[in-house]
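First comes the structure, then the notes that go with it.
The values are calculated or read from the model by the stated rules, or taken from the named source; none is laboratory data. This is a predicted model, so every value here is computed, not measured. Positions of Cβ are backbone-derived with ideal geometry, glycine not excepted, and every protein chain shown enters the neighbour counts.
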Amino acid sequence: MNTNNGPGLMETLRSKREEATKIRGEMGDIAGELQRLAQLEVELAKAEADEARGHATRGAGFGFLSFETAMIGFIFLFLATMFALDTAMPIWTAALITAGIALLLAAILGLLAKSEMEQFSPVPKRFMRTVQEDLKWARTQMKLSGR
């Protein structure tokens, strides 16, 4: 009676052992892929942080230049006003034109600073999106391996 069940039971055990070994191998592959994905995500986060730092640095630089240029423009504007009130000679016209140029330059630099600062984000958006995609992929792989 046991001899008829013996080969069937042994075959079932061997089959289950092979299936467990195969699943263990698949889980190892998934773990390796997850580790590689984690490394890639760290690299992406570093690249995004570097990009954000660049935008912030350039924005701050343009903002500083805008401020300094505006200060020079105001100095010339005040000088132009002073010369205009002091004497009605053409020198105040030159000072007024110079102030206008300085203020125009300050406006352009201010717009560049604003543009750079709008691109700055302290949150690594692409990193967050790809991590979510990776987690979704990992869940799918785990479900497929678990059958």
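For segment 70-117, a tally of residues being modelled with pLDDT of 85 or more, among the charged types (D, E, K, R) and surrounded by fewer than 17 Cβ atoms within 10 Å (Cβ to Cβ) returns 1. Once segment 116-147 is narrowed to residues that are in contact (Cβ under 8 Å) with a residue 24 or more places away in the chain and aliphatic (A, V, I, L, M), the residue that is nearest to ALA60 (Cα to Cα) is MET117.
Only residues in segment 93-107 that are without any contact (Cβ under 8 Å) to a residue 60 or more places away in the chain and under 16 Å from PHE64 (Cβ atoms) count as the first member; pair them with residues that are hydroxyl-bearing (Ser, Thr, Tyr) and assigned to a helix (DSSP H, G or I), Cβ under 7 angstrom, at least 6 apart or cross-chain, and list the lot. Final answer for the pair search is ALA102/THR69; LEU105/THR69; ALA106/SER66; ALA106/THR69.
The set of residues in segment 60-69 that are surrounded by fewer than 14 Cβ atoms within 10 Å (Cβ to Cβ) and within 22 Å of SER121 (Cα to Cα) contains only PHE64.
Kindly indicate whether any position in segment 48-59 is surrounded by 12 or more Cβ atoms within 10 Å (Cβ to Cβ), polar (S, T, N, Q) and outside any helix (DSSP H, G or I). No: segment 48-59 contains no residue that is surrounded by 12 or more Cβ atoms within 10 Å (Cβ to Cβ), polar (S, T, N, Q) and outside any helix (DSSP H, G or I).
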